[in-house]
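Okay, structure first, notes after.
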Amino acid sequence: AAFHGSRIILRQVSPESETIFDLILALYQACDGNWTALANRSGVEEQSIALFLEYAATFLDSLGNYKGYGDCKFIPRINLTMLEQLCAIADRPRNLFNAAKKAIYSAAPRLLGYPDAGNMSNYYPEAVDLTKDQIRAVQDAVGLKISLRNTRLRKSSHPDTGEPVYELLVASIEEHPSNAVTDEWTLESGGTVRVVYGDHADCLRRMCASLGKAREYATSDEQRNYLSELIAFYQTGDIELHRQASISWLADGNPLVETWSGFLEPGRDPSGIRCEFEALVAMKDKEMTAVCSNLVKQASRFILQLPWSGLGETGNEMGPFENEIFMSPNFIALNLLCYCASNVWIGLTAPGYPDIKTTHGRKNLTFSNRVEATTAATAPDEKIEWIPESQAYSYRAHASTCFFLQLVLHELIGHGCGKLLQETSPGIFNFDRDSMPIDPFGDGKPIQTWYGENESPESAFGGVATAYTECLAEGIGLYLMSVPSVLEILVPGQTLDPEEGKSRDSFCSEYTSLTAATPVIFNAYLSIARMGLRSLLSYDPENKKWGQVHDQARFGLLRCFIEAGDGFLTISNSQSDSKRSLTIQLDRAKIATVGRPALGSLIHQLHVFRCIKAVDRGTTLLTNLTRVEDRALEWRDIILANEKPRARFIHANTTFDETGEVVLVEYPLTKEGLIKSWADRQGEMTSL
């Protein structure tokens, strides 16, 4: 069921992506995966075949011709003539290539983004003259009548009047569901908006058939309810059914086999509203789940260490910007079987409905084999970029631990803490209107803004919402790493040096007076700094646009460290293997006195502005923090010159043997292996 959604993702990326997908698989089928034989038959040299395989593997890893992590277009290094000759081997690849070759080799649009800015987004198909203002006008006109999470927006002209017609394309099997929204809206600027059901019906039909079979093997009522409600959602396109499915999914607290799917994250929609399809199937990692569960039990105590809470005389007051009771999530470590998405994330927090998280809780999912694959991708003797050679051994030794710690704290508390101050229904507020909370950044005055009914950070902060949330969550994770008991729970033996700090039982703000950090904490800061530097690869200087929200967030943290001053973190030019390089110098002794206080100040502002819907202040803070100036552009040039390819991830398949037993089919860790893994699935995913 998960991989039946792959074509939905392709269609959300670009008009040509699905055709390129079919082309790659048609070439595989033409030679049965024997690429050397294909080279001989077509008269194309093996070097050109290698360049095609590089393109094909990158495409399948991203599920589109825009990078799944970075959102910029990539073009084959095999020249057009050679690829055309290769595709002439049979009618199907020839026809597919002819249909897509112009788009494949066109350098523009370079980035995903608003179409009227010269960018690509197939959330807005055929968007020749669709503007950002028109997209916003449609969103405002529709209001709360229909969720836009599982929609695309198409603009056309009325055949009689020539007036604009805006069609909200809802992902559903049924074209006329019984609960369909039949309203039409007239825009003040001219034109009408109407709802059209049946987008992606072919994919969803196959998906529901598989989900129906899965339901036969459900082990609880909660699982059966979840799958039934998920099927109903895909049939009708009604987001309320996915919300209900989310509640049933949460009620199935700790299954041995986990599955989750839907239109989940809005990071690739420039308006920050429409969500990309994702689906996963994974098995429980019992050992790591037990470790994470110990941290969950202490989560409320750790939240008290954050700058906006725990500030009372007794040090145990959550304050107005946190819920009085932390709703502990199910924190589950999993080993992925498959993850159908444009990027294989290391973890996620779900569902993405703030009100459901508040009332029913949430699940924090971490993917153990994804984390292991990431940390194993660096060879033992490979040079660690941008850090002094003297620190390389320690960095390598602690990389896996730092990665795990940051992931767990980011997901559990970074995405789990905070209270959105809101008018929950007309005249009803989730805060005391008679004793208004004080805005800590408002000159001692009470807060002036809050969320209205059914508003969310995504709808309020728009296109910056996801980067904003990720910067906050990443910062919270790093900030809490200095709490002694966090390390004691997650990494026994990695506590703070007793002679250099306070008692490990201290749960008050005194621990900020520590003068030194453990190797884990030092390397965690260094890791974030390295990721912040590498994030410049996804920045487009021509359009002054970030291509990846996580990169934007991490660059913001790097800027925070640099601007903390007092020599806490500096970046200098250097030489490595006769090439220009960069060196990060991080002063371990100043983490507690300079770096962590600066980080605390940043996350304090980000958190409060998000809680009280201070959109202008929050947006300005993030925009200024992630502005890429001349010095950083010079760093970007050096990083580009030394760029290494990102790791690609290959998913196993399952099949039945002659006795009816399930067999796990794994593939070589090569470009050819990645392509074969998709070709083996193709029989179930052929377009209808």
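The values are calculated or read from the model by the stated rules, or taken from the named source; none is laboratory data. Keep in mind the model is a prediction, meaning the values are calculated, not measured. All Cβ positions, glycine included, derive from the backbone under ideal geometry; neighbour counts span all protein chains shown.
Summary of values
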| quantity | calculated |
| --- | --- |
| Residue ID - farthest from Thr583 (Cα to Cα), chosen from residues in the range 605-637 that are in a helix (DSSP H, G or I) and β-branched (Val, Ile, Thr) | Val615 |
| Residue list for the range 210-231, filter: free of Cβ contacts under 8 Å to residues at least 12 places away in the same chain and either surrounded by fewer than 16 Cβ atoms within 10 Å (Cβ to Cβ) or assigned to a helix (DSSP H, G or I) (or both) | Lys213, Glu216, Tyr217, Asp221, Arg224 |
| Selection count where residues are more than 24 Å from Leu256 (Cα to Cα) and buried (at least 19 other Cβ atoms within 10 Å of the Cβ), scope the range 234-245 | 6 |
| Residue satisfying all of: in the range 89-115; of a type outside the set (Phe, Trp, Tyr), part of a helix (DSSP H, G or I) and in contact (Cβ under 8 Å) with a residue 40 or more places away in the chain; farthest from Asn40 (Cα to Cα) among these | Ala103 |
| Residues of the range 21-72 classified as part of a helix (DSSP H, G or I) and without any contact (Cβ under 8 Å) to a residue 60 or more places away in the chain, total | 18 |
| Unmet requirement for Glu126, which otherwise passes all of (1) at pLDDT 95 or above; (2) assigned to a loop (DSSP other than H, G, I, E, B); (3) not aliphatic (A, V, I, L, M) | (1) |
| Among residues of the range 68-99, those that are at pLDDT 95 or above and buried (at least 19 other Cβ atoms within 10 Å of the Cβ), counted | 10 |
| Scan of the range 163-191 for residues that are farther than 20 Å from Ile273 by Cα and crowded, with 16+ Cβ neighbours inside 10 Å, ordered by number | Pro164, Val165, Ile173, Glu174, Pro177, Ala180, Gly191 |
| Test: residue in the range 573-584 that is polar (S, T, N, Q) and farther than 27 Å from Ala641 by Cβ | no |
| Wholly within the range 459-538, helices (runs of 4 or more DSSP H) carrying at least 2 residues that are of a type in the set (Val, Ile, Thr) and modelled with pLDDT of 95 or more | 465-480 |
| Every pair of residues 6+ apart whose Cβ atoms lie under 7 Å, when the first sits in the range 636-655 and is polar (S, T, N, Q) while the second is assigned to a helix (DSSP H, G or I) | Asn653/Ser677; Asn653/Asp680; Asn653/Arg681 |
| The range 429-448, residues that are under 15 Å from Lys419 (Cα atoms) and either loosely packed, with under 11 Cβ neighbours inside 10 Å or among the small types (Gly, Ala, Ser) (or both) | Asp432 |
| Hits in the range 653-684 - residues which are part of a loop (DSSP other than H, G, I, E, B), of a type in the set (D, E, K, R) and under 27 Å from the mean Cα position of the chain (by Cα) | Glu666 |
| Which listed residue, of Ala392, Ala397, is under 30 Å from Thr58 (Cβ atoms), surrounded by fewer than 18 Cβ atoms within 10 Å (Cβ to Cβ), out of contact with any Ser or Thr (no Cβ under 9 Å at 6 or more places or on another chain) and among the aliphatic types (A, V, I, L, M) | Ala392 |
| Residues satisfying the stated conditions in the range 572-597, i.e. surrounded by fewer than 20 Cβ atoms within 10 Å (Cβ to Cβ), under 23 Å from Leu536 (Cα atoms) and among the aliphatic types (A, V, I, L, M) | Leu582 |
| Matching option when the condition is in contact with a Cys (Cβ under 8 Å, 6 or more places away or on another chain), crowded, with 21+ Cβ neighbours inside 10 Å and among the hydrophobic types (A, V, I, L, M, F, W, C), among Leu420, Leu407 | Leu420 |
| Residue that is nearest to Val170 (Cα to Cα) [pool: residues in the range 269-293 that are of a type in the set (A, V, I, L, M) and touching a residue at least 24 places away in the same chain (Cβ under 8 Å)] | Ile273 |
| Complete set of residues in the range 146-172 that are of a type outside the set (Gly, Ala, Ser), part of a loop (DSSP other than H, G, I, E, B) and in contact with a His (Cβ under 9 Å, 6 or more places away or on another chain) | Arg149, Asn150 |
| First in the range 120-145 and without any contact (Cβ under 8 Å) to a residue 60 or more places away in the chain, second anywhere and surrounded by fewer than 20 Cβ atoms within 10 Å (Cβ to Cβ) and in a helix (DSSP H, G or I), Cβ under 6 Å, 6 or more apart | Thr131/Asp116 |
| Given (1) within 21 Å of the chain's Cα centre (by Cα); (2) modelled with pLDDT of 95 or more; (3) buried (at least 23 other Cβ atoms within 10 Å of the Cβ), index of the condition Pro270 fails | (2) |
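For (1) within 28 Å of the chain's Cα centre (by Cα); (2) of a type in the set (S, T, N, Q); (3) not in a helix (DSSP H, G or I), each residue gets a yes or a no:
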site	(1), (2), (3)
Gly565	no, no, yes
Gln575	no, yes, yes
Ser581	no, yes, yes
Gln585	no, yes, yes
Thr593	no, yes, no
